[in-house]
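Structure, as structure tokens:
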Amino acid sequence: MNLRDLEYLVAVADHRHFGEAAAACFVSQPTLSTQIKKLEGELGVELVERTPRAIHLTAVGERVVETAREILAGANRVHALAHAARDPEAGSLRLGVFPTLAPYLLPHVVPALHERFPHLELLLREEKSPVLVEDLREGRLDVALMAQPQRSDLAEAPLFREEFVLAVPLGHPLGGDAPLAVSDLEGEDVLLLDEGHCLRDQALSVCHLAGARERRGFRATSLETLRQMVVAGVGVTLLPRLALRSETPAALVLREFSAPVPRRDIALYWRPHHPSARFFATFADTLREALPSGVEPHRDVL
């Protein structure tokens with residue numbers, strides 16, 4: 001048995017398809033199938049139930065996969081320890097970012113990161129926050145940009161505070177000039193993102209505070225969809241400031257809030273015992289220094 005065989009088995013468990021698992025492991029399907037058979041022969045048990053239409057793990061296969069994941073995570077930590085001991089600024093950094101932040105923040109900060117750490121390879125992954133948390137815990141990511149608060153077992157470096165604005169269609173009663181109070185949203189139907197987006201939870205908190213409600217029968221998967229639905233007059237929505245464009249469509253009205261302004265706080269997270277934890281604090285400093293206008297950096301940290 002070797003680590004590669006365990007990687008093949010875990011890939012089969014994740015994809016439930018030999019061809020897709022082989023592609024994910026960058027080997028041919030016959031190679032992967034042969035190694036799985038070899039592993040089963042070595043262990044003396046059947047791990048995978050093969051049928052013409054589907055692939056399932058046997059009961060013992062499920063337990064073996066669970067242990068295999070722990071072994072592979074441990075092996076990754078061994079490699080990370082060795083890499084961090086050499087030079088944490090000259091390897092690869094697996095950075096996760098959630099979808100309602102990635103396209104609006106990364107273009108501003110990535111050039112500064114490349115300048116500050118010219119030998120660091122950034123491997124970016126865009127996922128919803130629950131996936132990022134799990135990937136951090138399982139060692140598939142090194143750091144992740146997420147909204148506070150997150151799990152207490154993760155280390156964090158607060159980066160910035162981003163305010164929300166209200167987007168309403170032209171002619172809407174809330175489309176005036178004076179700043180809005182959150183209570184002005186009372187009774188409004190608010191367009192929200194689909195389940196799993198942290199921005200949905202943040203917007204729901206504002207709605208509950210204001211007495212607003214979610215627009216029934218509508219769930220968007222991106223901020224662009226929310227923006228276009230507001231332009232079409234379907235409803236109103238909350239947009240983070242970084243997502244605002246320099247040119248706003250004539251049919252879209254953006255309204256500022258008066259204090260206390262609804263907001264989200266963004267931090268960099270990592271596993272506290274990661275061998276490069278000290279470098280991650282420096283990485284967070286660089287992110288904070290490269291922030292675009294429109295957000296409020298956290299200066300009283302680290």
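Where a number appears in this text, it was derived from the coordinates with a stated rule and is not lab data. On a predicted model such as this, the values are computed, not experimentally measured, just so you know. Positions of Cβ are backbone-derived with ideal geometry, glycine not excepted, and every protein chain shown enters the neighbour counts.
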| request: Find the relative contact order for region 158-302 and round it to a whole percent, using C-alpha pairs within less than 8 Å whose residues are 6+ positions apart. | output: 43
| Nearest 20 debye, what's the magnitude of the dipole of the chain about its Cα centre given +1 on Lys and Arg Cβ and -1 on Asp and Glu Cβ? | 280
| said: Using each residue's phi in region 137-150, evaluate 6.51 cos²θ - 1.76 cosθ + 1.60 at θ = phi - 60° and report the 3J(HN,Hα) Karplus result to the nearest Hz, with x for Gly and Pro. | reply: 5, 8, x, 7, 10, 8, 9, 8, 8, 9, 7, 7, x, 10
| message | Quick check: pseudo-label points 7 Å beyond the Cα along Cα→Cβ at residue 37 and residue 125, how many nm apart are they? | response | 3.2
| field | Derived scalar couplings ³J(HN,Hα) [region 270-275; Karplus, 6.51 cos²θ - 1.76 cosθ + 1.60; whole Hz; x for Gly, Pro] | value | 7, 6, x, 9, 4, x
| field | MRE, 222 nm, helices only [DSSP H, n ≥ 4, -39500 (n - 2.57), over the chain, to nearest 500] | value | -13000 deg cm²/dmol
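When a footprinting reagent is the concern and you count Cβ atoms within 10 Å, what order do 174, 39 take, fewest first?
By the 10 Å Cβ count, ascending: 174, 39.
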| query | How are the Cα pair distances of the chain distributed, in percent, across 10 Å bins from 0? | reply | 6, 23, 25, 21, 16, 8, 1, 0
| note | For region 1-155, percent of DSSP beta bridges that are antiparallel (nearest 5) comes out at 25
| task | Apply 1/(1 + (r/R0)^6) to the Cβ-Cβ distance of residue 62 and residue 155, taking R0 = 35 Å, and write down the FRET efficiency to the nearest 0.05. | result | 0.65
| Other-chain or far-sequence residues with amide H under 5 Å of residue 93's (modelled H) | 121, 122, 123
| task | Using Cα centres only, tell me the gap between region 91-120 and region 262-281 in whole Å. | result | 14
| query | For helix 277-289, what angle does its Cα long axis make with the longest principal axis of the chain, in degrees from 0 to 90 and rounded to 10? | reply | 30
| message | At a threshold of 8 angstrom on Cα-Cα distance, excluding pairs fewer than six apart, so keeping six or more, what relative contact order does the chain reach in percent? | response | 22
| task | Determine the percent antiparallel among the DSSP beta bridges restricted to the chain, to the nearest 5. | result | 65
| field | In degrees, nearest ten, helix 102-116 long axis to first principal axis of the chain (Cα) | value | 70
| query | Out of residues 5 or more away from residue 237 or on other chains, whose amide H comes under 5 Å of its own, with H placed 1.01 Å from N in the peptide plane? | reply | 167, 191
| request: Mind jotting down the distance between the C-alpha centroids of region 45-61 and region 129-159, whole Å? | output: 33
